[in-house]
Amino acid sequence: MATKQATIEANQPEPSSRMETVLDRLRVGGFDPTVRWWEFAGFGSLIVIALVMRLWDVGVRAMHHDESLHALYSWNLFNDLNYQHNPMMHGPFQFEANAAIFFILGDSDVTARLLYVVMGTALVAMPFLLRKRIGRLGAIFTAAALTFSPTLLYFSRFARNDILMAVWAFGLVISMWRYLDEGKNRYLYFSAALMALALGTKESAYLVIATLGLFLALQVGAPTLSRLLRPVEIEGVSPPVAVGRVAKTLWGSYSQGFDLAIISRPTAYLLLLVTLTLPLWSAFAAIFQDTLLWSWTNLVLAAPEGNPIIGSPIGGGKVIAFLIIVALGGLGGLAGYRWNWGIWWRCALIFWIIWILLYTTFGTNFFPGIRSGVWNSLGYWVVQQGEARGGQPWYYYFVITPVYEYLPLLVGVIAGVFYFRKRDHFSLFLVYWPTVTFALYTIASEKMPWLLVNITLPLIVLSGKFMADIVERIEWRSLTRNGGLLVIAAVPIFVLLLWQLAFFEPTQRNVINIVLPLALAAVLLGMAASGFYVARRMGQQAFGAVALLGLVAMLAVLTVRTGWIASYQNGDTPVEMIVYTQTSPDITRLLDTIEATGAGDTIPLIIDQTSGFTWPWAWYLRNETNVNFPSYSGSSVVSNPGAPIVVVHSQNQDAADEGLRGIYTKGERIRHRWWFPESTYRNLTPTKFVKAIFDRESWRRTMDYWLNREGVSDRLGSEDSYVYFQQGFQQNFSEQP
């Protein structure tokens, strides 16, 4: 026995060898065991801060119209498995995930937003997985910017799927670059799962896949075209001859064929993106149905507005749709077979299992779910592009982005110029990603504030890496000797003094009001001269770097302030552009009265559903059985509706005043939903823009709004209701402010 024990002990490796074995296994598993303590501390702190910020008072803000839709349909699924995919509310993932949360934690305003809180927090952790590309410090900077971004903070507390799409999109970007760097098949499997989740969440997934695919196509295609066309002689010949020679060369290369089994990693990843999703692009063919190419057939591939199922094929169009789906599916499968069948079928299995489970609600709605997901999902939004919901001007994102994401926008523009000159593939991608995303959402007809999430994410990743590169290249010891640290502190002071001088407006003529601007100008000139001197000692590049750090530090503080005000002070008040057609706090105030009196439960409650005023009441009163939602018109308000509380749309107020007089109290106005005064930025022309640049008062109004949200509170638009209480009914609503 002793000999056996001694043999076992002799065969065990030394402690140092055991540690090396563990580290080797971690490396093989893809985990970097050399993570520094400050990385763990930094990410751990940011994740905790992000979670607290997203959870804080998350149930206080009134439920937006869209939030109440998503919450109620999730609740219906939780209660009786009653859910069918409707592309108007995008993909099924959020409904199924919310239903699971309701099952575990119960249904409330907080749990209705919990999925988005968790995913918004997970987004903060994700730069850790890309730190080999953006650097350790770049990952920390990116995570910090994701934590405090006003846009991402607000929509991580908002029951819409845009923050979910940010997680899937970032996951795809990470998986793509991990595969391009390491070539491990697991990143292809991760990508297949992420694409299925994205396509099951929102149709903007098509834009994400197209953006990544176009980048890879350019990366693969540009060198190939250059190599093929290098020997073609086109100098000194006519354009038709030149085109003919180019076409002949390209056709010759194509006719010789190529071996899909021997392709580069970018080509393999591009092939994966295309082949897995190809059948789901079928409904894109509907863009041709109103053109000369297709209109002559009289076949409808995507039913327009006014049809029972918008975006679905009709009649003979169903046959064409089926053939397109089969053809594209077969083409994708054939390409996957020729590339690497052993890998591709596994990716396809992962992708389609997840996708089918989502769209069929885990098999409970099989064929209708598949039919709706394969065609109607994209077909509906192809039709909606003609509707241009929101009716925003083409420059909408040029207006709203600097209001909230001024820090990553400024740094991103500077980084774009720097990295475009650098021209390595990853840096070019970081420039390409926000640029193409911004362009796509500007071109798209529907423009909404929540879509700013998609633009903000790539801007933050670009700016996070750039700021890390700046910090790491600075020679801090030399900087300290040359007064560089003073520059960092001086830049915010210089900007503040310049602000005061630019907008100085004396209330009366006296010595102080004459001396003060002169003194400010003198101080600014002195600081500028000192900066010029320090720049000569440090060098222009070093001075520019530290000056940028000072400016970024100041804007970072303002960013935290902007996010705090937007999410916690003005969360349901549309002095914020990001607060779009929001349910008014008047609704939650009335809800408190309804709950206190038992209306809707033991006492009848009537709510006029004119103009969609069912929402968000349908969510708030989901458990009540004594609620009626009639659709009143001007003459249909009955004189004694039989309920002590009656809520009527404002367009029916006159009829309600007449019909309820003497039995009910005078109607009290409540704002049902309200919105930002869009006249402040609509109808902008080049002439007006140039004129405003040179108009000091325009600058003052703009900066007052940008900094303090002043100048719009008296112009908010609203659509209202009137609430009537039966005479003698005990309620405290009328006593509240």
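The values are calculated or read from the model by the stated rules, or taken from the named source; none is laboratory data. In this text, all values refer to a predicted model and were calculated from it rather than measured experimentally. Note that each Cβ is placed from the backbone with ideal geometry, even for glycine, and that neighbours are counted across all protein chains shown.
Structure notes:
- Residue in region 265-313 that is nearest to Tyr359 (Cα to Cα), counting only those that are outside any loop (DSSP other than H, G, I, E, B) and either without any contact (Cβ under 8 Å) to a residue 40 or more places away in the chain or acidic (Asp, Glu) (or both): Ala285
- Flag for Gly642 being touching a strand residue (DSSP E or B) at 6+ places or on another chain (Cβ under 9 Å), within 30 Å of Pro402 (Cα to Cα) and either of a type outside the set (Phe, Trp, Tyr) or not assigned by TED's automatic domain parsing to the domain that holds Gly600 (or both): no
- Selection of region 473-498 for residues being surrounded by 13 or more Cβ atoms within 10 Å (Cβ to Cβ), under 19 Å from Asp704 (Cβ atoms) and not β-branched (Val, Ile, Thr) yields Leu497, Leu498.
- Annotation note: of Gly544, Gly563, Gly571, the sole residue that is at pLDDT 95 or above and either part of a helix (DSSP H, G or I) or not β-branched (Val, Ile, Thr) (or both) is Gly563.
- Qualifying position, being among the hydrophobic types (A, V, I, L, M, F, W, C), closer than 30 Å to Asp181 by Cβ and not assigned by TED's automatic domain parsing to the domain that holds Pro449, among Phe103, Phe78, Phe148, Phe95: Phe148
- Members of region 107-127 found to be charged (D, E, K, R) and either modelled with pLDDT under 95 or surrounded by fewer than 23 Cβ atoms within 10 Å (Cβ to Cβ) (or both), listed by number: Asp107, Asp109
- Among the criteria (1) over 18 Å from Val552 (Cβ atoms); (2) over 16 Å from the mean Cα position of the chain (by Cα), the one Gly416 does not fulfil is (1).
- Residue within region 710-726 that is surrounded by 14 or more Cβ atoms within 10 Å (Cβ to Cβ), free of Cβ contacts under 8 Å to residues at least 40 places away in the same chain and either of a type in the set (A, V, I, L, M, F, W, C) or not in a strand (DSSP E or B) (or both) present: yes
- Among the residues making up region 628-663, those that are modelled with pLDDT of 90 or more and part of a strand (DSSP E or B) are Asn628, Ile645, Val646, Val647, Val648, His649.
- Scope region 667-695; condition in a strand (DSSP E or B) and over 17 Å from Val403 (Cα atoms); matching residues: Glu668, Arg669, Ile670, Arg671, His672, Arg673, Trp674
- Residue in region 94-108 that is in a helix (DSSP H, G or I), within 30 Å of Pro402 (Cβ to Cβ) and β-branched (Val, Ile, Thr) present: no
- Whether a residue is free of Cβ contacts under 8 Å to residues at least 24 places away in the same chain, of a type outside the set (Gly, Ala, Ser) and under 20 Å from Phe284 (Cβ atoms) was assessed, and Ile356 does not pass this test.
- For Gln84, the criteria (1) assigned to a helix (DSSP H, G or I); (2) over 20 Å from Tyr154 (Cβ atoms) hold in every case but one, which is (1).
- Some residue of region 358-376 being under 25 Å from Leu172 (Cα atoms), of a type in the set (Val, Ile, Thr) and assigned to a loop (DSSP other than H, G, I, E, B): yes
- Test: Glu203 is modelled with pLDDT under 95 and either within 26 Å of Asn76 (Cα to Cα) or in the same structural domain as Thr435 (by TED's automatic domain parsing) (or both): yes
- Residues in region 337-352 include at least one that is hydrophobic (A, V, I, L, M, F, W, C), within 30 Å of Ala97 (Cβ to Cβ) and without any contact (Cβ under 8 Å) to a residue 60 or more places away in the chain.
Conditions tested, residue by residue: (1) touching a residue at least 24 places away in the same chain (Cβ under 8 Å); (2) among the hydroxyl-bearing types (Ser, Thr, Tyr); (3) out of contact with any Pro (no Cβ under 9 Å at 6 or more places or on another chain); (4) within 24 Å of Met448 (Cβ to Cβ).
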{"site": "Val523", "(1), (2), (3), (4)": "yes, no, yes, no"}
{"site": "Ala529", "(1), (2), (3), (4)": "no, no, yes, no"}
{"site": "Val534", "(1), (2), (3), (4)": "yes, no, yes, no"}
{"site": "Val546", "(1), (2), (3), (4)": "yes, no, yes, no"}
{"site": "Leu551", "(1), (2), (3), (4)": "yes, no, no, no"}
{"site": "Thr559", "(1), (2), (3), (4)": "yes, yes, no, yes"}
{"site": "Gly563", "(1), (2), (3), (4)": "yes, no, no, yes"}
{"site": "Ser567", "(1), (2), (3), (4)": "yes, yes, no, yes"}
{"site": "Ile578", "(1), (2), (3), (4)": "yes, no, no, yes"}
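- Only listed residue being at pLDDT 95 or above and over 24 Å from Glu39 (Cα atoms), chosen from Phe141, Phe95, Phe148, Phe78: Phe95
- Selection within region 480-514: residues that are among the β-branched types (Val, Ile, Thr), assigned to a helix (DSSP H, G or I) and modelled with pLDDT under 80. The member of this set that is farthest from the chain's Cα centre (by Cα) is Val511.
- If the condition is being more than 18 Å from Pro644 (Cβ to Cβ) and among the small types (Gly, Ala, Ser), then region 562-599 contributes Gly563, Ala566, Ser567, Gly571, Ser584.
- The set of residues in region 604-641 being crowded, with 16+ Cβ neighbours inside 10 Å and β-branched (Val, Ile, Thr) consists of Ile606, Ile607, Thr610, Thr614, Val627, Val637.
- Residues that are touching a Leu at 6+ places or on another chain (Cβ under 8 Å) and at pLDDT 95 or above were ranked within region 575-595; the one that is surrounded by the most Cβ atoms within 10 Å (Cβ to Cβ) is Ile578.
- Answer residue from region 580-606, given it is among the β-branched types (Val, Ile, Thr) and in contact (Cβ under 8 Å) with a residue 60 or more places away in the chain and is nearest to Glu67 (Cα to Cα) among those: Thr583
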